[in-house]
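Here's the structure we're looking at; comments come further down.
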Amino acid sequence: MLAASFDRAGRRICNELLYGATIGDHMVRRHDGHAYLVVDRAILHRARQELRTQTVLFQKAQMAYLFTRGHTKGASPAAIATRAGIDPQGLERTLTDYNETARQARTDPLGKPAAYLQPLVSGPYYVFDCSLDSSMFYPCPMITLGGLRVHDDTGLVLREDGTTVEGLYAAGRSAVGVCSNSYVSGLSLADAVFSGRRAGAHAAGAA
Ligand SMILES: Cc1cc2nc3c(=O)[nH]c(=O)nc-3n(C[C@H](O)[C@H](O)[C@H](O)COP(=O)(O)OP(=O)(O)OC[C@H]3O[C@@H](n4cnc5c(N)ncnc54)[C@H](O)[C@@H]3O)c2cc1C
């Protein structure tokens, strides 16, 4: 991920190489649900080349949209910022710091590895709006995490005072589970199968 990500004030969102759900966490909790990915001509050219070999069919369609209509283009960072609704001075300031960090091979304060720090200097510049409500053509994918507190052994829903509600079970993402606070791919289905089986077994026993 050679692109850099910014919020509406022009501040960096996070290390862009983080896992997708972690980036989403930064975006929603710390940056008002807004994130703008900025690239220059050189990086966009490279991304277009990689499109042929590094994406599956439905992603090709999404990227075709992003590379044609789904972006904002401008001759300078200030121009794209103004068009995309980002504070131009904030973006220019942060981008200057980012470029200096890359040029001088300094440590990125947000932890992006040096191999992925490339100065964004060859205009025109492009902004991809990755915000929660960005576009119906490129919707922001989401899954729910967390849910009702349940009894560990039965899956019965717990009241606030810790007593169980007889006959009411929660499972999958309706129930608290291993991925209630954060997410890594693969956590949800196993947890849903486990909690569904737990509730089903207890309900069958109760019946
Ligand atoms: C694109 C994508 C990729 C994912 N990849 C992975 C992965 O690789 N590994 C992983 O572990 N997890 C993955 N997940 C997450 C995982 O799929 C979900 O967290 C999981 O399916 C949740 O299971 P669930 O049974 O709690 O809810 P759901 O699967 O959403 O089931 C809820 C069911 O309730 C039904 N329903 C809703 N309202 C009503 C109603 N009023 N009456 C009757 N029925 C109703 C719905 O139609 C649905 O069938 C992915 C999710 C997405 C979106």
task = Please report, in Å, the Rg and the Dmax of region 156-206, where both are computed over Cα atoms only.
result = 11.9, 34
message = Which of TYR36, TYR98, TYR126 ends up with the largest GNM mean-square fluctuation for the chain, with Cα atoms connected below 10 Å?
response = TYR98
note = Under Stokes-Einstein, the chain at 4 °C and 1.567 mPa s, with its Kirkwood radius over C-alpha pairs, diffuses with a coefficient in µm²/s of 66 µm²/s
query = How big is the gap, in Å, between the Cα center of region 84-103 and the Cα center of region 150-169?
reply = 51 Å
ask   = What trypsin sites (Lys or Arg not before Pro) in region 53-111 are in a loop by DSSP, with at most 11 other Cβ atoms within 10 Å of the Cβ?
value = ARG69
ask   = Where does region 95-168 land on Rg/Rh, using Cα atoms and the Kirkwood Rh?
value = 1.35
query = Could you work out the helix-only [θ] at 222 nm for the chain, with each DSSP H run of four or more residues adding -39,500 (n - 2.57) and the total divided by the number of residues, to the nearest 500 deg cm²/dmol?
reply = -12500 deg cm²/dmol
request  = Give the order of SER5, SER134 when sorted by the count of other beta carbons within 10 angstrom, beginning with the fewest.
outcome  = SER134, SER5
ask   = Got a sec? How would MET1, MET142, MET63, MET27 order by Cβ neighbour count within 10 Å, fewest to most?
value = MET142, MET1, MET63, MET27
query = Tell me, GLU16, GLU160, GLU50, GLU92 in order of fewest to most beta-carbon neighbours within 10 Å?
reply = GLU160, GLU50, GLU92, GLU16
ask   = Using θ = phi - 60° and the Karplus form 6.51 cos²θ - 1.76 cosθ + 1.60, what ³J(HN,Hα) does each residue of region 191-202 get, whole Hz, x for Gly and Pro?
value = 5, 5, 5, 4, 6, x, 5, 4, 5, x, 5, 5
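Laboratory data are not the source of any read-out in this text; all were calculated from the coordinates shown. These numbers were taken from a predicted model, which means no experiment stands behind them. Every residue, glycine as well, gets a Cβ built from its backbone with ideal geometry; the counts of neighbours run over all protein chains shown.
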